[in-house]
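Reviewing the structure listed below.
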Amino acid sequence: MRALGAAFFLVMPSLAQNYTAVQLVDHGVPVVRLSDAARGVEVSVAPGIGNRAYEMKVHGKNILYFPSAGVGEFQQRPRLCGIPFLAPWADLLNEPAFWANGKRYAFNMDLGNVRGNMPIHGLLVTSPLWRVTEVSADARSAHVTSRLDFWKYTDLMAQWPFAHDYVMTYSLAGGELEVRTTIANLSADPMPIAIGYHSFFQIPDIPRDEWTAHLPARIHVIAGEHNIPTGEMRPLDLPNPLPLRGRTLDDGFTDLERDSEGRAHFSIEAGGKTVETLFGPKFPVATIWLPNGPGGQPREFICFEPLTTIISGVNLAHEGKYSGLQTLPAGAKWTESFWVRSSGF
């Protein structure tokens, strides 16, 4: 079944169909819901709020951190939670500009779509510009595909003047969520790839101080002032596994250990429950964010962020401090996935 433009309808399951994909309106917000009935997994996506996946419920328990009372409240007061998409750059830049092909591109701060003098999280984190192009379910999976034509919007192109588009597919199969991103460079020049996802995970009903994290990283990215990397890299200097009691982090890691399919496995576990995210090979960097809140109390989440580059890598590459920046040739496409799954629920 397909859905184009603003049409919303229900994809009805047959009695034998395990996977379903539904378009609905929840408290005035268009939502796509993917379900795997056999494994009790349900994923909810709000295409008009940055194409954000905000719930991944496993037997009714949301393993994505989502502090809003519902998607209607979330639309009124958006915040970082769920799985935010960060593009055309992720996390911080060290100045209100970026470098590409030996040229400095300064942001027009008067347009109001760049956050901070050290710009953070790109231009699309709550963008309403995503268009759902396909919703379907069959015997093997349920998925939704959406598209954002960056090149059509003058206020976006004014800040990142490379004609390109994004296609994102959320696919639920075997209880596992795949998030696949494709970028097409439609411009005449090579474009730096500096995207990422600010994924928030939790183990419901178990305090964060009881969680243990597993970090498949060999290298710790050393940061300086304002958390901008200095260019120094050190061997991993944290315990692995890492008990989270009393711990905070806002650090980058690279040289990730990978399985036979090229995927790096990050996870948290407690009480016999595990929440795991796997990065494809074109996500060579992870930022792990583990903050405290007011009064030094742990905030009940951990972020494992799949990134194409270290923080401000697009600028540090120009300064000769980072050699891992990915560049997409004119007319080419870039595709990569990460996955989310759980056990013990």
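The values are calculated or read from the model by the stated rules, or taken from the named source; none is laboratory data. Just so you know, these numbers come straight off a predicted model, no measurement behind them. Counting neighbours? That spans all protein chains shown, and the Cβs are built from the backbone with ideal geometry, glycine included. When the accessible area is computed, the model is the full protein with side chains, heavy atoms only, and any ligands, DNA or RNA have been set aside. Shrake-Rupley method; radii C 1.70, N 1.55, O 1.52, S 1.80 Å.
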Over the range 120-152, the set of residues aromatic (Phe, Trp, Tyr) and buried (at least 20 other Cβ atoms within 10 Å of the Cβ) is Trp130, Phe150
Among the numbered criteria (1) out of contact with any Phe, Trp or Tyr (no Cβ under 6 Å at 6 or more places or on another chain); (2) more than 29 Å from Val41 (Cβ to Cβ); (3) among the polar types (S, T, N, Q); (4) open to solvent by 10 Å² or more (accessible area, probe 1.4 Å), which single criterion is violated by Thr182? (2)
Residue satisfying condition, being among the acidic types (Asp, Glu), modelled with pLDDT of 95 or more and open to solvent by less than 40 Å² (accessible area, probe 1.4 Å), within set Asp165, Asp110, Asp155: Asp165
Note on the range 21-48: residues open to solvent by less than 20 Å² (accessible area, probe 1.4 Å) and either farther than 17 Å from Thr145 by Cβ or aromatic (Phe, Trp, Tyr) (or both) are Val29, Asp36, Val41
Restricting to strands (runs of 3 or more DSSP E) lying wholly in the range 13-102: which have 1 or more residues that are farther than 30 Å from Glu225 by Cβ and within 19 Å of the chain's Cα centre (by Cα)? 29-36, 41-46, 52-58
Checked pairs for the range 283-305, first free of Cβ contacts under 8 Å to residues at least 40 places away in the same chain, second not aliphatic (A, V, I, L, M), C-beta under 6 Å and 6 or more apart or across chains, list as Gly293/Arg299
Please find, within the range 231-269, the residue that is farthest from the chain's Cα centre (by Cα) out of those that are at positive phi and in contact (Cβ under 8 Å) with a residue 24 or more places away in the chain. Gly246
When every residue in the range 199-252 that is under 28 Å from Ala87 (Cβ atoms) and charged (D, E, K, R) is compared, the one surrounded by the fewest Cβ atoms within 10 Å (Cβ to Cβ) is Glu225
Report yes if Asn117 is open to solvent by 50 Å² or more (accessible area, probe 1.4 Å), polar (S, T, N, Q) and part of a loop (DSSP other than H, G, I, E, B), otherwise no. yes
What about Phe283, is it in contact with a Pro (Cβ under 7 Å, 6 or more places away or on another chain), among the aromatic types (Phe, Trp, Tyr) and buried (at least 21 other Cβ atoms within 10 Å of the Cβ)? yes
Have a look at Phe345, Phe338 and point out the one that is at pLDDT 95 or above, open to solvent by less than 20 Å² (accessible area, probe 1.4 Å) and not polar (S, T, N, Q). Phe338
